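In what follows, a structure is listed as structure tokens, so that the remarks can point back to it.
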Amino acid sequence: MPSASHNPVYNAPILDMRNSARFSHIAIVLLLCPFVFASNWQAPAEQLAQKIAAATGPGAVALDVANRSSLSQADADEIRRQLITELAVLGVHFVSADQAAATVRVSLSENLQNYVWVAEIHQGTNEPVVVMVAWPLLSPAMAEHPRSVLTIHKTLLFTDESRILDVALLNGNPQHMIVLQPENVVLFTLQNGHWQQDQAAPITHSHPWPRDLRGRLVLRKDHLFDAYLPGVFCRSTATAPLGLNCRDSDDPWPIGAAEFGLSAFFGPARNFFTGALSPGVGKQTTTSAFYSAAPLPRDKYMLWVFAAVDGQVHLLDGITDQLAGKLDWGSDIVSVRSGCGIGWQILATGNSDGPADTVKAFEIADRQAGAASEPAEFNGSVTALWTESDGTTAIAVSRNSETGKYEAYRLSITCGQ
């Protein structure tokens, strides 16, 4: 086995957050004054209808409304009815898409301060026109969601003096474990309650590793696994004995659980992702450079959370790139499907500069993060945090500040009583 690496491991704190939002389209924005009752959608519907009619003119239009916000379905249906009513007054009537002179797609979204309604208007071969209105969110007291009381469980999988980049477990009888290290991928078999090494396959690479090395294992159906390291991609053989084919590569790394199909490009000489996404979150194919990302499925869209290099936490929903409020998070985040609370939680490292690190569960409702568990404590800094392939558990690696050894844990969440 290779000797232990004593290079420093980066786990940067997320710095002070600033509330803002940015949009990728050229758009006209109207901020509406607060009204007494936020459930009365007539005023914003009228304003948005006027903007749509100004772009389309009177005539036949196809309308689609998608709710990407925390609004109830009843509210979304009411907003659609209000839009149809207000547009009819302006001479815009509704037909099927194959008969329409224009197609209007309205997305009901939100940021930290406002509901944001975005209308994307397509007419023939012209460039799409985007207009939007914003409407104050419900007051915190009205919008507050109770947070679940969850418990994070740590199960120690493996300890070694050599650096551990990632671990993957293969179900079977007997069970197997794959350990990714800087110079090897090691295969273990569980025998009599102990992991016994079967074999190690070397990782070939033509360039020296960056100082703060990261790597990820991804289980596959047609072969055992893929391994991703900075500037290097390795593919395993389909069956034992373990064989490994490594090559120089700038292929994007999968992020999040396998079911979500999102990948991101990793800086080969750095320890973070560049911000280029493949294929993207909806229409968004880039975001700020980031250390880690976590998907949160919603009823009608996917919310992605990014721990960015600039010290911000970004929320992407396919249309808007918003900044979360001030969060006490470190640079490593993942999401886990526990079935508790709202179903999915964020696991985030702490931002302490001390010798010991923590991982805590958070829930994000209405784009606001709230703590959902007590912190799980480690005996040193967390050096890696990855979601396992099925999305129900995560792998955390820490370096024990007393022994200097690396410790790989499986993290799972159980519901509170």
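Quick check on the exposure proxy: order M177, M132 from fewest to most C-beta atoms within 10 angstrom.
M177, M132
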Vicinal HN-Hα couplings computed from phi for the stretch 254-262 (Karplus, 6.51 cos²θ - 1.76 cosθ + 1.60; Hz; Gly/Pro x): x, 10, x, 5, 4, 5, 8, x, 9
Given R₀ = 51 Å, what would the calculated FRET efficiency be for A54 paired with E374, taking r from the Cβ atoms and rounding to 0.05? 0.45
³J(HN,Hα), Karplus 6.51/-1.76/1.60, whole Hz, each residue of the stretch 329-340, x for Gly, Pro: 10, x, 8, 10, 9, 9, 10, 10, 8, 9, x, 8
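If the viscosity is 1.306 mPa s and the temperature 10 °C, what Stokes-Einstein diffusion coefficient in µm²/s follows for the chain when Rh is the Kirkwood radius over Cα pairs?
Stokes-Einstein gives a translational diffusion coefficient of 68 µm²/s.
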Would you mind checking which residues have amide H under 5 Å from Q181's amide H? H placed 1.01 Å from N; only 5 or more apart, or other chain. L165, V186
Alpha carbon centroid spacing (whole Å) that separates the stretch 181-219 from the stretch 342-377: 28 Å
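Among E120, E110, what is the fewest-to-most ranking by other Cβ atoms within 10 Å?
E120, E110
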Amide H of G380: which non-local residues (sequence gap of 5 or more, or other chain) have their own amide H closer than 5 Å, using H built in the peptide plane? D357, S401
Can you spot the lysines whose alpha carbon is less than 25 Å from K154's alpha carbon? Ignore those fewer than 8 places along the same chain. K360, K405
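Using the per-residue mean of other Cβ atoms lying within 10 Å as a proxy for protection, in what order, highest first, do the peptides 89-102, 254-267 fall? It would help to have the intermediate numbers written out before the result.
Working: 89-102: 13.4, 254-267: 18.8.
So the peptides 89-102, 254-267, ranked by packing, come out 254-267, 89-102.
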Can you give me the long-range amide H partners of L327? Hydrogens built in the peptide plane at 1.01 Å from N, cutoff under 5 Å, separation of 5 or more residues or another chain. M17
Before rounding to the nearest 500, sum -39500 (n - 2.57) across all DSSP H runs of length at least 4 in the chain and divide by the residue total; then give [θ] at 222 nm in deg cm²/dmol. -2500 deg cm²/dmol
Relative to the longest principal Cα axis of the chain, at what angle does helix 42-56 sit, 0 to 90 degrees, rounded to 10? 90 degrees
Based on the mean of other Cβ atoms within 10 Å per residue, sort peptides 156-166, 205-215 so the most packed one is first. 156-166, 205-215
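What's the exposure ranking of T383, T237, going from fewest to most Cβ atoms within 10 Å?
Result, fewest neighbours first: T237, T383.
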In degrees rounded to 10, the 0-90 angle between helix 73-89 Cα long axis and the longest Cα principal axis of the chain is 40 degrees
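Here, each number is a calculation from the coordinates, and none is a lab measurement. These numbers come from a predicted model, not from an experiment. Note that each Cβ is placed from the backbone with ideal geometry, even for glycine, and that neighbours are counted across all protein chains shown.
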